[in-house]
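Taken together, the values in this text are just the output of simple stated rules run on the coordinates, not laboratory data. From a predicted model like this one, the values you see are computed outputs, not experimental measurements. A quick note on method: Cβ atoms are made from the backbone with ideal geometry, for glycine too, and the neighbour counts reach across all protein chains shown.
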Amino acid sequence: MNKPWILGLTGGIGSGKSAVAAHFTELGVHLVDADQAARWVVEPGRPALAKIAEHFGSDVLQADGQLDRAALRQRIFENADERRWLESLLHPLIGQEISQYLASAESPYAILVSPLLVESGQHRLTQRVLLVDAPEIAQVQRTMQRDKVPEAQVQAILKVQASREERLKHAHDVLLNDRDLNWLRAEVERLHNFYLTLRGGQP
């Protein structure tokens with residue numbers, strides 16, 4: 001069997017990439033989520049968690065030894081140097097997890113879902129990039145609704161994510177998610193049928 005080629009799926013917070021990813025999975029496409037890989041590498045007993053606790057102190061750990069994500073997120077949003085330190089520790093480890101997982105894929109193509117596909121350099125693991133795009137106002141409203149967070153927090157997250165222009169530069173395909181879910185599912189199916197015709201992500 002031919003080795004599957006890798007599609008990178010990305011989009012800003014609240015763009016709808018999770019809904020798109022879920023439908024690709026229903027269509028039988030093997031998928032790995034970089035956010036899940038990021039959770040795996042900081043599980044208790046993994047070396048990354050020990051290094052994080054050593055660097056930031058034990059107040060970024062919960063009582064059961066799990067990472068306290070909210071506490072860590074607050075620390076790195078307030079301090080760009082700390083964010084860079086954390087990224088330089090985690091990005092290579094997350095990359096290894098992702099590569100191992102994608103290597104075991106059995107569908108004609110596999111998907112790497114990552115909100116930071118462009119920023120983290122993970123797009124280099126892929127042969128093609130699909131961007132789920134949405135008007136910024138929709139991103140903000142969806143995220144506020146979903147996460148029950150104030151608008152200022154959503155705006156802060158948008159600022160550290162790549163700009164739309166930056167993402168569009170790397171995208172081979174763009175899915176503008178500004179209609180209803182049925183339309184979105186139909187678009188995913190159209191793209192899926194197109195991707196099945198590709199070799200190595202190229203027509």
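Structure values in brief
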| read-out | value |
| --- | --- |
| Using alpha-carbon coordinates, inclination of helix 17-26 to the longest axis of the chain, degrees | 60 |
| Residue-count net charge about Arg179 - beta-carbon cut-off 13 Å; Lys, Arg +1, Asp, Glu -1 | -3 |
| Nearest 10 degrees, 0 to 90: helix 136-147 Cα axis against the chain principal axis | 60 |
| Principal axis dimensions, segment 1-88 - Cα atoms, whole angstrom, descending | 46, 29, 24 |
| Backbone HN-Hα couplings from phi across segment 168-184 [Karplus 6.51/-1.76/1.60, Hz, Gly and Pro as x] | 4, 4, 8, 7, 8, 10, 10, 10, 7, 8, 10, 10, 8, 5, 5, 5, 4 |
| Beta bridges per DSSP with both ends in the chain, % antiparallel, nearest 5 | 10 |
| Pairwise centroid distance, computed over Cα atoms, of segment 75-111 with segment 119-133, Å | 12 |
| Cα pair count fraction exceeding 14 Å, expressed as % - segment 122-203 | 71 |
| Rounded to 10°, Cα long-axis angle of helix 69-78 versus longest principal axis of the chain | 80 |
| Net +/- balance of residues flanking Ala34 in space, Cβ distance below 12 Å, scoring K and R +1, D and E -1 | -2 |
| Relative contact order of segment 52-203, pairs being alpha-carbon contacts under 8 Å that are 6 or more residues apart, as % | 20 |
| Residues whose placed amide H lies under 5 Å from that of Asp133, excluding near-sequence neighbours | Leu175, Leu176, Asn177 |
| Interchain or long-range residues, amide H under 5 Å from Val113's placed H | Leu9, Val32, Asp33, Ala34 |
| Ranked by how many other beta carbons lie within 10 Å on average, peptides 112-120, 43-51 from highest | 112-120, 43-51 |
| Two-decimal Rg to Rh for the chain - Kirkwood Rh, Cα set | 0.98 |
